[in-house]
Amino acid sequence: MRVAIDPAKAADYPANIQAILKRQAPCSAWLGQELLEIDTETGFARIAYGLGEPHFNRFGALHGGAIACVMDDVLAVAAGLVLNWGEIAPTLEMKVSYLAQGAAGRHIAEARVLKRGRQINFLDATLASDGGKLIATATATIMIAAMKKK
């Protein structure tokens, strides 16, 4: 069941969401990440990103690398929702398809786990402007691995 994220209820969420709410990764903060909604049963995540001039290419549009960064970020959150305690989900490969030029503003990314295996998960994602214009899609393969202790 999908639930809206309320930072005041951080303890009610899976470990990966608790960690994000406690201390956002610097790259996620640079992208203006705002957790909106999750579904732990299906591995679904909906996240808003505030993108602007720092994310532009020289032509004033969203840089493809910044878009790929958003996609990797939302895919990682979705992947983390279906992990067991002590597991991590490094990305093995990701394909991004750029469908339209992106501009400054709020964007919504959604990702979901398509299939969870014993060691490999398959996911997909979309990125759209706040107005609903589809900017990009992505697919990813992630590996399920034990977190290494230092």
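The values are calculated or read from the model by the stated rules, or taken from the named source; none is laboratory data. Bear in mind that the values here come from a model prediction, so they are computed numbers and not experimental data. Reconstructed Cβ throughout: ideal geometry from the backbone, glycine too, with neighbour counts over all protein chains shown.
Going residue by residue through region 62-83, is there one that turns out to be modelled with pLDDT under 95 and of a type in the set (D, E, K, R)?
no
For region 39-91, which positions are in a strand (DSSP E or B), among the β-branched types (V, I, T) and within 21 Å of G132 (Cβ to Cβ)?
I47
Here are some conditions: (1) at pLDDT 95 or above; (2) within 15 Å of the chain's Cα centre (by Cα). F56 meets all but one. Which one does it not meet?
So F56 meets the others, but not (2).
Out of A128, A140, which single residue is crowded, with 16+ Cβ neighbours inside 10 Å and free of Cβ contacts under 8 Å to residues at least 40 places away in the same chain?
A128
Would you check which residues across region 21-34 are within 20 Å of V82 (Cβ to Cβ), part of a helix (DSSP H, G or I) and hydrophobic (A, V, I, L, M, F, W, C) and list them?
L21
Yes or no: region 5-14 includes at least one residue that is at pLDDT 95 or above and among the β-branched types (V, I, T).
There is at least one residue in region 5-14 that is at pLDDT 95 or above and among the β-branched types (V, I, T).
Going residue by residue through region 62-81, is there one that turns out to be more than 23 Å from P26 (Cβ to Cβ), of a type in the set (A, V, I, L, M, F, W, C) and out of contact with any Asp or Glu (no Cβ under 9 Å at 6 or more places or on another chain)?
No, because not a single residue in region 62-81 is more than 23 Å from P26 (Cβ to Cβ), of a type in the set (A, V, I, L, M, F, W, C) and out of contact with any Asp or Glu (no Cβ under 9 Å at 6 or more places or on another chain).
Conditions tested, residue by residue: (1) surrounded by 12 or more Cβ atoms within 10 Å (Cβ to Cβ); (2) free of Cβ contacts under 8 Å to residues at least 24 places away in the same chain; (3) not aliphatic (A, V, I, L, M).
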residue	(1), (2), (3)
L21	yes, yes, no
G43	yes, no, yes
G64	yes, no, yes
G86	no, no, yes
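When the residues of region 97-124 are filtered to those that are of a type in the set (A, V, I, L, M, F, W, C) and closer than 26 Å to P14 by Cβ, which remaining residue is surrounded by the fewest Cβ atoms within 10 Å (Cβ to Cβ)?
I120
Kindly indicate whether any position in region 11-20 is closer than 20 Å to T141 by Cα, in contact with a helix residue (DSSP H, G or I) (Cβ under 7 Å, 6 or more places away or on another chain) and not in a strand (DSSP E or B).
Taking every residue of region 11-20 in turn, at least one turns out to be closer than 20 Å to T141 by Cα, in contact with a helix residue (DSSP H, G or I) (Cβ under 7 Å, 6 or more places away or on another chain) and not in a strand (DSSP E or B).
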